[in-house]
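The values are calculated or read from the model by the stated rules, or taken from the named source; none is laboratory data. For clarity, every value in this text was computed on a predicted model and none was experimentally measured. Cβ atoms come from the backbone with ideal geometry, glycine included; neighbour counts cover every protein chain shown.
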Amino acid sequence: MSVSDPVRRVAIAGNPNCGKSTLFNALTGLRQKVGNYPGVTVERKEGSFHGSHGEPMTLVDLPGSYSLQVRSPDEAVARDVLLGRLPGEPRPDIVVAVVDACNLERNLYLVAQMLELGLPVVVVLNMVDMAEKAGIRIDPAVLEARLGVPVLPMVAVAGKGLVELRQAVSRNPLSVPRAQAPLPEALRREVAQLAARLDSRAAEAEALLLLALHGENGDEPGRYNPKILGAVREAQERLRLQGLDPVSAPVDARYAWIQEICDAAVKRPEQPDAGWSDRLDSFLTHPLWGWLAFLGTLGLMFFCIFWVAQKPMDWIDAGFGALGDWLSGRVPEGDFRSLLVDGVVAGVGGVVIFLPQILILYFFLGLLEDSGYMARAAFLMDRLMSRVGLHGKSFIPLLSSFACAIPGIMATRTIESRKDRLVTMLVAPLMSCSARLPVYSLMIAVLLPAAAVWQKVGLMVSMYVLGVLAAFTMAWLFKKTLLRSETPMLLLEMPPYRWPAPRSIALRMLERAGIFLRRAGTVILALSVLLWALATYPKPKNPEATPAEAIAQSFAGRMGHAMEPLIRPLGYDWKIGIGLVGSFAAREVFVGTMKIVYNLEEEDDDAPLRDTMREEKREDGSLVYTPLVCIGLMVFYVLAMQCVSTLAIVYRESNGWRWPLFQLAYMTALAYTAALVVYQGGRLLGFQ
């Protein structure tokens, strides 16, 4: 611990799917925050917990890595934090290395590299219960003696082993590892000479990483001066002259050491039995039954989103209605009351009402991920993804985009090919995110007020299907034109099935609910106030003007009328135009915008928004929200960008404005064309 930072910093590191996040949630509970690392868009999770003596500690969950010899931005961040090379991020005081007991040999490779860093290390042998069920017996004492660091058996999902872990990270003083993989003598000499040139607290470990560079591979050429890189090339050449490959030599040495350790500490069954996991895989990855199970899971999810969420949505709606009535009875009539009731309460309440649907969506995504099913879904989708030039790894970012395109785009960093990563980023926003749920729900309620639940669910699912088809079509087009490249092979680890941890899923839901509510209380609140002001001012000169005349003369009304010629071919009027403009900041703002617009216009403020919109008429007396308009509007929101935050993330991930501006242009053109075809094509066929 440094003098300036008396709180001990503990980093959790390990391979993907080893249970790091479960352990992080078990230790920190609600005392955690999510953001980005300084200067990069890699998600950073930090929390606080107490040691065995009640002392406060900071816990940092590093991105999952298979090795410190990085292949992706996520792995680069994990490496730089451990080396103390990431600006603005202190080097940890101790590393908790989480390993999967069922895949010990592979997981120990990263541990072997951590032992070379000169940092105190505690190895957590996670999921020992699953290893025992598979007939794998691991002797922690032998493992501890061979590695030279504490080894703690644990079942993180059940909280077993947490007390011992708190004790291990609370020890004073912390001791550095006593064992390392033995390297060839020639390699050790070159490492020592190169380390002397480096200004690093882990100079030898960093020198090893530099010697394993593949020519232009990695980001090191931009991080080190030419003299260092020249010394690296000279050392690599000397090693090759001695018959040593600078890339494979340390890898071979580490794996040979790991094999010796596992031979001494691990006993496996002579004839492994094909257990329930293999039998379940034969069903869930089957060309027919696997697809039926996958589609059934998605159908159940959407049914719950539409049906189970309805009651709590009604409660929230009633709560905001009661709040508006309470304010109306206590605040004198005037602009201030209108601001509170028609601006703040109507605008924010019109968005917060959809919180139950968003929570259900995140519940299902957490369930699929924690159970290990997400990887099976990616494997199942690989054949379909390969038809459009991508592979199953692109499916996971796309599926994540159902919740929000931002983490979905950030998840593309696991894709090795830059072109495939760009294609996935360009099409990820076409997957219907949770911000579109309020728009779909509102328009379906307007279109099908008395329909059965299965009909509403069917229409909702059709919007998601449209987004998926559009994403696959555009990915195929981009792979054939702008970003032409070979279809990559899928190399994907199948994590073991495990019971999802209710606590972990609940914490994830609370975390995302907090993000959504903070957004509602900041961005959406500010936009609601701005939209109220635009819809209220300037006041009509005629004091007897009707509400409809007043809003038509406002700034918002003028904006809507100005863009009406552009959107009239889609069947939209100027009021819908106001909603389209307002929702560019965030799609869900469309609902709050329409509530503000119609609450200001209607004398009966208690009328539900869907009823008001259903009865809205044009100047000629015809209905505005005909079936074609409702469907066309949903199709527009399926395909349009309408999210400035997503554009900002694409800008950061692609290092420039070229691709986000292209993305905005193609998605807007696609949305407009599709909505035009729906409305004008439907009219030609005789529909309304």
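Go through the stretch 308-342 residue by residue and tally those that are in a helix (DSSP H, G or I) and at positive phi.
0
I need the helices (runs of 4 or more DSSP H) fully contained in the stretch 608-688, keeping only those with at least 1 residues that are buried (at least 17 other Cβ atoms within 10 Å of the Cβ) and modelled with pLDDT of 95 or more.
627-639, 658-684
Can you report the number of residues in the stretch 322-344 which are closer than 30 Å to residue 305 by Cβ and modelled with pLDDT under 85?
4
Would you mind finding the one in 393, 419 that is at pLDDT 80 or above and among the charged types (D, E, K, R)?
Sole residue among the options that is at pLDDT 80 or above and among the charged types (D, E, K, R): 419.
Would you check which residues across the stretch 609-654 are out of contact with any Phe, Trp or Tyr (no Cβ under 9 Å at 6 or more places or on another chain) and among the small types (Gly, Ala, Ser) and list them?
Scanning the stretch 609-654 gives 621, 622, 645, 648, 654.
Report whether or not residue 68 is outside the structural domain of residue 372 (by TED's automatic domain parsing), modelled with pLDDT under 90 and of a type in the set (A, V, I, L, M, F, W, C).
When the stated conditions are applied, residue 68 passes them.
Please work out if residue 552 is surrounded by 15 or more Cβ atoms within 10 Å (Cβ to Cβ) and at pLDDT 75 or above.
yes
So which residues in the stretch 170-196 are in a loop (DSSP other than H, G, I, E, B) and surrounded by fewer than 16 Cβ atoms within 10 Å (Cβ to Cβ), if there are any at all?
Residues satisfying the conditions are 171, 172, 173, 175, 176, 178, 179, 182, 196.
Residues that are under 31 Å from the mean Cα position of the chain (by Cα): find the helices (runs of 4 or more DSSP H) completely inside the stretch 126-169 holding 1 or more of those.
Answer list for the stretch 126-169: 128-133, 162-169.
Among the residues of the stretch 224-242, write down those that are closer than 11 Å to residue 197 by Cα and basic (Lys, Arg).
227
Just to be sure I understand, how many residues within the stretch 636-662 are touching a residue at least 60 places away in the same chain (Cβ under 8 Å) and closer than 17 Å to residue 469 by Cα?
5
Is it the case that residue 244 is at pLDDT 90 or above and either in contact with a strand residue (DSSP E or B) (Cβ under 6 Å, 6 or more places away or on another chain) or in a loop (DSSP other than H, G, I, E, B) (or both)?
Spelling it out, residue 244 is indeed at pLDDT 90 or above and either in contact with a strand residue (DSSP E or B) (Cβ under 6 Å, 6 or more places away or on another chain) or in a loop (DSSP other than H, G, I, E, B) (or both).
Give just the number: which of (1) out of contact with any Pro (no Cβ under 6 Å at 6 or more places or on another chain); (2) modelled with pLDDT under 80; (3) buried (at least 20 other Cβ atoms within 10 Å of the Cβ) does residue 400 not satisfy?
With respect to (1) out of contact with any Pro (no Cβ under 6 Å at 6 or more places or on another chain); (2) modelled with pLDDT under 80; (3) buried (at least 20 other Cβ atoms within 10 Å of the Cβ), residue 400 is out only on (1).
Being farther than 27 Å from residue 250 by Cβ, at pLDDT 85 or above and either surrounded by fewer than 17 Cβ atoms within 10 Å (Cβ to Cβ) or in the same structural domain as residue 412 (by TED's automatic domain parsing) (or both), is that true of even one residue in the stretch 14-30?
The answer is no; no qualifying residue exists.
Looking only at the stretch 185-200, decide whether some residue is outside the structural domain of residue 242 (by TED's automatic domain parsing), at pLDDT below 90 and either closer than 23 Å to residue 98 by Cβ or more than 33 Å from the chain's Cα centre (by Cα) (or both).
Checking the stretch 185-200: not a single residue is outside the structural domain of residue 242 (by TED's automatic domain parsing), at pLDDT below 90 and either closer than 23 Å to residue 98 by Cβ or more than 33 Å from the chain's Cα centre (by Cα) (or both).
Identify the single condition in (1) part of a helix (DSSP H, G or I); (2) over 21 Å from residue 437 (Cβ atoms); (3) more than 25 Å from the chain's Cα centre (by Cα) that residue 287 does not satisfy, given that it satisfies every other one.
Status for residue 287: all satisfied but (1).
Do we find that residue 338 is over 20 Å from the mean Cα position of the chain (by Cα), of a type in the set (S, T, N, Q) and more than 30 Å from residue 485 (Cβ to Cβ) in this structure?
Yes, satisfied.
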